[in-house]
Each structure stands twice: as structure tokens, then as C-alpha cells.
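Accompanying notes for the structure given below.
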Amino acid sequence: MGVYQELGIRRIINCFDTYTLLGGHILSKEVREARDEADRSWAWIWDIQRRTGEKIAELLGAEAAFVPVGVYAGISQCVAALMAGADPEKKRRLPNTEGMRNEVIVQKCLRDFQYDRSITVTGAKIVEVGSEKRGCTPTEMEEAITERTVAIHFMAHGPTGSYASKGCRWLSAEEVIGIGKKHGVPVLVDAAFQCYPLEGFKKYTALGADAALYSCKYFGGPNTAGILVGKKYLIELVALHSFIGQEGASRGKEFLSVAERGAYSSLFRGYKQDRASIVGAFAALKWYMELMRDPERNVLAPAKERAKYFIRAFNDIPDIELGIIDASVEGVDPLKVAVKVTLKKRTPEEVKKMRDELMNGDPEIWVEAEENSLIINITSFRGLMMFDEEDKKVVAEEIRRILKA
């Protein structure tokens, strides 16, 4: 009996995309092996973070790197580090920020998901500039900078159509980082899914951002980890504000052997990680960068073969139209491959019922329903295969059954 079966949990075959609510992404064999190795042996977490950070920085050409619990946590720790620095007393006072620079500037049009509320966990205040519909001008941002400003936050994905207007003009990363440099204000970039093309990993630090943060789930890493790259001074402070940031922890075994553990000064004890999450972030990054050396051969070709498999499996069913969705379709991400099954004689409501039946099976098969079409996503929008060869057969059999019913 498997653990899901023992717990009464139905397994999901995900033909949607990479979602936090589904636990991130399925880990590759290489990432699982690295995590398993870390789980089998103790190691000093400070050393794991330090060495992992050095290797990640080397891979991405950054001054330094750190593995936080995720982007949300990493932003919080960056803000805390900039407000309190290495001062133990200030660290203990957080989220009381009295007497500290504690304002973070955010473009209002980039606040669609409100993930930047991570800023306020520290006691810092968000200062909105511009309009969610109109956007923001350089003058508006510069006029918002005061002696209370501790950082500028930039959301790299830009505004979404459901929140900002189509004509919204927001300040780009280049503009924001330029303003930050001009006024001596650090810039923090939430680049959660900017991992493809691979240049996205280096873009923001190359422009001069103090920190750029990426979510590991988008490049095949643990859902409980992110990658923070940036300037060495900030990364060193972030480590002190992390869950291992007890005073003296960086000294290693001496810290425990002489029992000098004092008051815990970091605000982020609750953002705890295990060995496997930190090591897994590095292993996933290395694996993904190798995978994306040749995305045509490593991702698109096998994904399109899998799409053809589905088309062959459904080709004899009457009153349907089959097509492959990929980058040749306007608005589709470069590494996205999907199969579209259009049911010519079914209404959108009937197709949604078919989708719901698939999602309520065992295993659950999660597909998209769009008008009178079912969509089977074979890759994520960042080029990760959504299911394996065995699950491919299960998906084909179940969708074929429901199409013929």
C-alpha cells in the first residue's frame, strides 16, 4: 500500500501546469537522488547554505546566492536585512521598525497578486506609486523616495490584463534599477518564473539589482525553495536574518559545543528548511540549465512526439478535431506543447462536465476545458514535462473512454 492510498488521497495526473497548490512540480531523477543523499546524512546547515550559495552564484555569474524557503520568504528576508542590518538589537525588535528606514516603493500597477505583502511581514510599509490602470512615471517614483525609503520592489512579470489596462505604461527593470542607482536605493526583483530563456537568471543582477529571486518549482526544484542571487553584502545579511541566523551560528560546531546559544534574534525562525530542500534547489538549477542547452532536442521534440501519440489514440473518434498547440500559435510560450481536442457536437457546458469527470476519477486527471475543447498540456510554460510515459497511457485511455461515451 502506498502512502497516498494509506492516507486516502487520490493521485493527480497533472495536464495543467506547475502550481503551488499541486505541490510545485514533479522532481527529476537527478533532483530526487540529491535530496535523498542529503536526507541520509546530517550536515551543518550553515555550511550547506554557504557552499550551495557559492555554487549557484558560480553557475549564474552572480556575486553571491542564497536558498530561501521561496520568493515570498526571500523578499521578506531582504527587506529585514536592509532595515536592521547585522545589528542584533534591531533584529530582535522586528517587526517593530521604529527609528529604521522602513518604506518600500512598489508600482501600483504591478500589485495584481499582492505577493509583495511579504514586505509587510517585517514591519515595513509599502508605498504605492502611480496607478493600477495608467501605470507609473519615473518622476512619480523619484518623488516617492525619502529618507524613510529602504528599497524599491519590482515585479518582473509586469502587469496582468485583469488588473491593469492594456495601455498601462509601467517602469521597466532598467528604469527602476537606474532610479535606484541614482538615489542609492537598493532594488529587489521578484523574478519568480523568469528562468527561461536562461538569460533571465542573470538579467537583473547584470543590470545592477541588489537582489533577484526565482521560484524553484518553475525549473523542476522543490516547492519549498527559491533562489536569491545578488550583491554579496545583502546575501550575507540575509543569511543572518534566516532561520539559521542565531548569533554565532556561522562558527559551526563550536557554537553548539560551548553552549553559547543566546536569544534568537532572527524574525524568520518559522521559515525553516531541511537539508534536502537546499541541496535540491542547486541540483534542480544544474539539471535545468543542462536541459535548456538544447530545448529543441530535450524538450520540444519529445513533447511533440507525445502529442502525436494522443492524436493517434483519438484519431478514429468521430465528431472531434485534433490539433497541437505550440509556439507557432500566437501568444503561446516558446516551450509550451499541448493537444487540443475540440468536440464539434458538444456544448461548453458538456465539455466542462467531461473535464469534471476526469478530475473526479482515480487517479484524478486534470485537463483544461476551453469553450468546447479539452486541452492536454504536455509541458509546462517553462518546458517541464508534465507526466511520465506510464501516465501518458492512463490519460489517453481515460480521455478516449470519455470521448466515446
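Tabulated values for the structure
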{"quantity": "Residue list for segment 53-75, filter: more than 21 Å from Gly24 (Cα to Cα) and either touching a residue at least 24 places away in the same chain (Cβ under 8 Å) or in contact with a helix residue (DSSP H, G or I) (Cβ under 8 Å, 6 or more places away or on another chain) (or both)", "calculated": "Gly53, Lys55, Ala57, Leu59, Leu60, Gly61, Ala62, Glu63, Ala64, Ala65"}
{"quantity": "Per-region count, segment 99-115, residues at pLDDT 95 or above and within 20 Å of Val238 (Cα to Cα)", "calculated": "6"}
{"quantity": "Residue match in segment 322-331 (condition: on the phi > 0 side of the Ramachandran plot and either out of contact with any Lys or Arg (no Cβ under 9 Å at 6 or more places or on another chain) or without any contact (Cβ under 8 Å) to a residue 24 or more places away in the chain (or both))", "calculated": "yes"}
{"quantity": "Residue within segment 125-148 that is polar (S, T, N, Q) and under 27 Å from Tyr218 (Cα atoms) present", "calculated": "no"}
{"quantity": "Those residues of segment 206-233 which are surrounded by fewer than 22 Cβ atoms within 10 Å (Cβ to Cβ) and either among the aliphatic types (A, V, I, L, M) or on the phi > 0 side of the Ramachandran plot (or both), in sequence order", "calculated": "Ala206, Leu207, Gly208"}
{"quantity": "Selected residue (criterion: surrounded by the most Cβ atoms within 10 Å (Cβ to Cβ)) from residues of segment 124-169 that are among the aliphatic types (A, V, I, L, M) and assigned to a loop (DSSP other than H, G, I, E, B)", "calculated": "Ala124"}
{"quantity": "Subset of segment 196-205 (residues that are surrounded by 24 or more Cβ atoms within 10 Å (Cβ to Cβ) and over 19 Å from Glu175 (Cβ atoms))", "calculated": "Phe201"}
{"quantity": "Failed item in (1) closer than 24 Å to Asn102 by Cα; (2) buried (at least 23 other Cβ atoms within 10 Å of the Cβ); (3) touching a residue at least 60 places away in the same chain (Cβ under 8 Å), with Val187 passing the rest", "calculated": "(3)"}
{"quantity": "All helices (runs of 4 or more DSSP H) inside segment 270-388 with 2 or more residues being buried (at least 22 other Cβ atoms within 10 Å of the Cβ), within 18 Å of the chain's Cα centre (by Cα) and at pLDDT 95 or above", "calculated": "275-291"}
{"quantity": "Criterion: touching a Gly at 6+ places or on another chain (Cβ under 8 Å) and either buried (at least 17 other Cβ atoms within 10 Å of the Cβ) or outside the structural domain of Lys182 (by TED's automatic domain parsing) (or both) - qualifying residue of Val69, Val104, Val79, Val121", "calculated": "Val69"}
{"quantity": "Hits in segment 1-58 - residues which are over 27 Å from Gly245 (Cβ atoms) and part of a helix (DSSP H, G or I)", "calculated": "Val3, Tyr4, Gln5, Glu6, Leu7, Leu21, Leu22, Lys29, Glu30, Arg32, Glu33, Asp36"}
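The values are calculated or read from the model by the stated rules, or taken from the named source; none is laboratory data. Just so it is clear, the model here is predicted, and its values are computed rather than measured. Please note: Cβ atoms are built from the backbone with ideal geometry, for glycine as well, and neighbour counts cover all protein chains shown.
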